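The values are calculated or read from the model by the stated rules, or taken from the named source; none is laboratory data. Keep in mind that what you see is a predicted model, and the values were worked out from it rather than measured. Because the Cβ atoms are built from the backbone with ideal geometry, glycine has one as well, and the counts that use them run over all protein chains shown. Side chains are part of the model used for accessible areas, which takes the heavy atoms of the whole protein and leaves out ligands, DNA and RNA. Shrake-Rupley method; radii C 1.70, N 1.55, O 1.52, S 1.80 Å.
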Amino acid sequence: MRNSKELRYLKVAPNVADALTHGDPVVALESTIISHGMPYPQNLACAKEVESIIRKNGAVPATIAILNGVPCIGLNDGELESLAFLGKNAQKTAHRDIPAVIAMGGNGATTISATMFFASKVGISVFVSGGLGGVHRHGEQTLDISSDLTQLGKTPVAVISAGVKSILDIPRTLEYLETQGVTVAAYKTREFPAFFTESSGCEVPYCINTPEDGARLIDASLKQELGSGILIAVPIPKEYSASGNLIEAAIQAALKEAREKNITGNAATPFLLTRVNELTKGASLAANIALIKNNAAIGSKIAVALSKIRKGHLRSAL
């Protein structure tokens, strides 16, 4: 747990603060997926289930959001429900938006970049998400690159995600992560997953086969004080990847519509995901929920193993 001066302008939930003080495992969770990822009350049910999975695996969940201008690290049931009910009325808050949302006393649902920032401030090393942002298609011309990538380059937090959505340019995203000095590994595979499907056709440099392997990777990075983060990509469960071809076809159709309607910038991803869900008659949303739950299970096991390493109950290196 960081010192009180650093935490002066944050609200840390008591159970999260206690866990951090004692070196117990904590897993950060973003809140954009709650407010912008699915409708109420489905979003609330999903958020509660993800937190429950993390607890069942021995870690403390810390959903992060800005409520009434106050950054909150860990939400109680009432706060979680309020955020879910707000839905898209909560501002989608990336790293650049943090000061404006706070200054206006607003409600902000944190993206990966903002969640990483706040997690790092309080000393949370493991963060579970759905899919990482990336370099948008034609990004070499538009320079439309998610701040998730630059945040990973300067924030010592491990992000557990299902890779990068195929609405993005995955090869360029991986190249950009390399430029940022981000270690990229995949769970039980050398294939980088493409969110809805198990493979993107891109290979990753490292494979981790157990949560303990993931914890050792994170521990080694933190001990060397590299200053950058780690991306651990977890493939979607096989039973849901079967619908990948259907979803990929819908993604191509949605991309075509977005070009025709000139939908760009931060409006592109919400439009594409909504349209893909419509075209697949809900199959993409079901897959989305399944992979988030799977990431939560694996991420919490990694956090537990990391806590054991720090307490000397597990070897830090093989």
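When the range 172-212 is limited to residues that are small (Gly, Ala, Ser) and assigned to a loop (DSSP other than H, G, I, E, B), the one that is surrounded by the fewest Cβ atoms within 10 Å (Cβ to Cβ) turns out to be Gly201. When Ala194 is tested against the conditions (1) modelled with pLDDT under 95; (2) out of contact with any Ser or Thr (no Cβ under 7 Å at 6 or more places or on another chain), the lone failure is (2). Restricted to the range 25-98, the set of helices (runs of 4 or more DSSP H) holding at least 3 residues that are among the hydrophobic types (A, V, I, L, M, F, W, C) and over 18 Å from Ala158 (Cα atoms) comprises 42-56, 77-86.
Go through the range 248-277 and give me each residue that's open to solvent by 20 Å² or more (accessible area, probe 1.4 Å), under 26 Å from Thr110 (Cβ atoms), in a helix (DSSP H, G or I) and not hydroxyl-bearing (Ser, Thr, Tyr). Gly265, Asn266, Ala267, Pro270, Phe271, Leu273, Arg275, Asn277 - these are the residues of the range 248-277 that are open to solvent by 20 Å² or more (accessible area, probe 1.4 Å), under 26 Å from Thr110 (Cβ atoms), in a helix (DSSP H, G or I) and not hydroxyl-bearing (Ser, Thr, Tyr).
Counting only residues that are in contact with a Gly (Cβ under 7 Å, 6 or more places away or on another chain), free of Cβ contacts under 8 Å to residues at least 40 places away in the same chain and over 19 Å from Ser146 (Cβ atoms), how many does the range 60-101 have? If you could, list the steps in order and put the result at the bottom.
Here is the first cut: in the range 60-101, the ones in contact with a Gly (Cβ under 7 Å, 6 or more places away or on another chain) are 62-63, 65-66, 68-69, 90-91, 93, 97, 101.
Add one more test, that the residue is free of Cβ contacts under 8 Å to residues at least 40 places away in the same chain, and what stays is 63, 68-69, 91, 97, 101.
Next, from what is left, pick out any that are over 19 Å from Ser146 (Cβ atoms): 63, 68-69.
So the count comes out to 3.
Among all residues of the range 149-165, there is none that is over 25 Å from Leu217 (Cα atoms) and in a loop (DSSP other than H, G, I, E, B).
One line per residue, one yes/no per condition, for (1) at pLDDT 90 or above; (2) touching a strand residue (DSSP E or B) at 6+ places or on another chain (Cβ under 6 Å); (3) among the hydroxyl-bearing types (Ser, Thr, Tyr):
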position: Ile232; (1), (2), (3): yes, yes, no
position: Ala242; (1), (2), (3): no, no, no
position: Gln252; (1), (2), (3): no, no, no
position: Ile263; (1), (2), (3): no, no, no
position: Ala267; (1), (2), (3): no, no, no
position: Asn277; (1), (2), (3): no, no, no
position: Lys293; (1), (2), (3): yes, no, no
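Just give me the residues in the range 222-243 being of a type outside the set (A, V, I, L, M), over 19 Å from the mean Cα position of the chain (by Cα) and surrounded by fewer than 20 Cβ atoms within 10 Å (Cβ to Cβ), in sequence order. Working first, answer last.
So in the range 222-243, the residues of a type outside the set (A, V, I, L, M) come out as 223-225, 227-229, 235, 237-241, 243.
Remaining after also requiring over 19 Å from the mean Cα position of the chain (by Cα): 223-225, 238-241, 243.
Lys223, Gln224, Glu225, Lys238, Glu239, Ser243 - these are the residues of the range 222-243 that are of a type outside the set (A, V, I, L, M), over 19 Å from the mean Cα position of the chain (by Cα) and surrounded by fewer than 20 Cβ atoms within 10 Å (Cβ to Cβ).
Which of the residues that make up the range 278-297 are closer than 17 Å to Cys46 by Cα, assigned to a helix (DSSP H, G or I) and open to solvent by 20 Å² or more (accessible area, probe 1.4 Å)? Steps first, please.
Our first condition is that a residue be closer than 17 Å to Cys46 by Cα; within the range 278-297, this holds for 282-297.
Now drop any that are not assigned to a helix (DSSP H, G or I), which leaves 283-297.
Ala283, Leu285, Ala286, Asn288, Ile289, Lys293, Asn294, Ala297 - these are the residues of the range 278-297 that are closer than 17 Å to Cys46 by Cα, assigned to a helix (DSSP H, G or I) and open to solvent by 20 Å² or more (accessible area, probe 1.4 Å).
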